[in-house]
1. For residue 4 and residue 182, what does the FRET efficiency come to when R0 = 30 Å and r is the distance between their Cβ atoms, rounded to the nearest 0.05?
2. How would you order 128-137, 48-57 from highest to lowest mean count of nearby Cβ atoms within 10 Å?
3. Using label points projected 7 Å from each Cα along Cα→Cβ, tell me how many nm separate residue 59 and residue 28, to one decimal.
4. At a 10 angstrom cut-off on C-beta neighbours, averaged per residue, how do the peptides 171-178, 147-154 rank from highest to lowest?
5. If packing is taken as the mean number of other Cβ atoms within 10 Å per residue, what is the order of 64-70, 118-124, highest first?
6. R0 = 35 Å: FRET efficiency of residue 16 with residue 205, Cβ-based, nearest 0.05?
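Just so it is clear, none of the values below were taken in a lab; they were calculated from the coordinates. As the structure is a computational prediction, the values presented were derived from the model and not from experiment. Positions of Cβ are generated from backbone atoms using ideal geometry, with glycine treated the same way; all protein chains shown enter the neighbour counts.
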């Protein structure tokens with residue numbers, strides 16, 4: 001990870017392993033993580049005492065493009081992130097020595113067999129878009145971890161369209177949430193899809209757009225682009241926080257500071273392969289680490 005050199009991945013400067021705890025020295029991001037930043041812009045929210053305005057369409061396109069570009073860099077090196085989420089957490093909680101999994105961001109195939117791939121990262125990216133368009137709402141709010149597993153992995157359902165969300169964004173989410181991983185776009189294709197709406201600064205800094213060798217052929221996205229939607233704020237004053245398009249009330253869970261325990265479940269709790277391995281006295285089906293090299 002220390003060798004990564006691209007504009008939209010936080011830089012790792014070093015690791016201090018002499019003694020406990022192990023210390024990781026990384027580039028300082030003064031505004032914190034995206035999830036908390038989004039929540040601090042909710043109208044009337046306790047976190048928004050300064051009455052910050054709603055994000056603009058340009059901000060959303062830049063955030064989405066930057067995340068996709070950083071992931072495209074990892075994709076080109078065949079690295080799998082495995083924990084792409086707006087909170088951008090650096091620390092896992094392991095009560096009782098068990099690994100926890102970010103089930104609300106995991107693709108169905110990852111929930112079922114514990115395997116993470118470049119295409120499962122694309123699924124997680126779609127969840128990040130959902131977080132962006134709801135100003136940091138917890139995905140599948142109101143559902144327990146086991147219910148999320150059943151809802152996504154068994155019943156093959158996806159998150160509903162947030163109220164006020166333009167078709168452009170929800171269409172991209174649905175592409176990322178294709179049940180068959182082979183039908184999901186690559187991150188390079190996502191960058192090409194968004195680039196016309198991103199800023200000039202992004203275009204200049206983009207890994208994908210400045211490496212001709214890796215630029216893919218145009219991808220046939222089955223989404224009708226509405227120029228009028230593009231000109232308006234992605235989220236407007238009529239956005240109803242904590243609700244999905246079908247009107248079903250969703251609880252915006254307060255997960256507190258320092259970690260998202262409500263977003264995680266132990267591997268033994270949810271993953272069938274891990275359950276089988278446990279019964280056979282085998283080791284965990286997941287190895288250590290967040291970013292992993294894939295074949």
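1. 0.65
2. In descending order of packing, they fall as 128-137, 48-57.
3. Simple spin-label model gives 2.3 nm for this pair.
4. 171-178, 147-154
5. 64-70, 118-124
6. After rounding, the FRET efficiency stands at 0.70.
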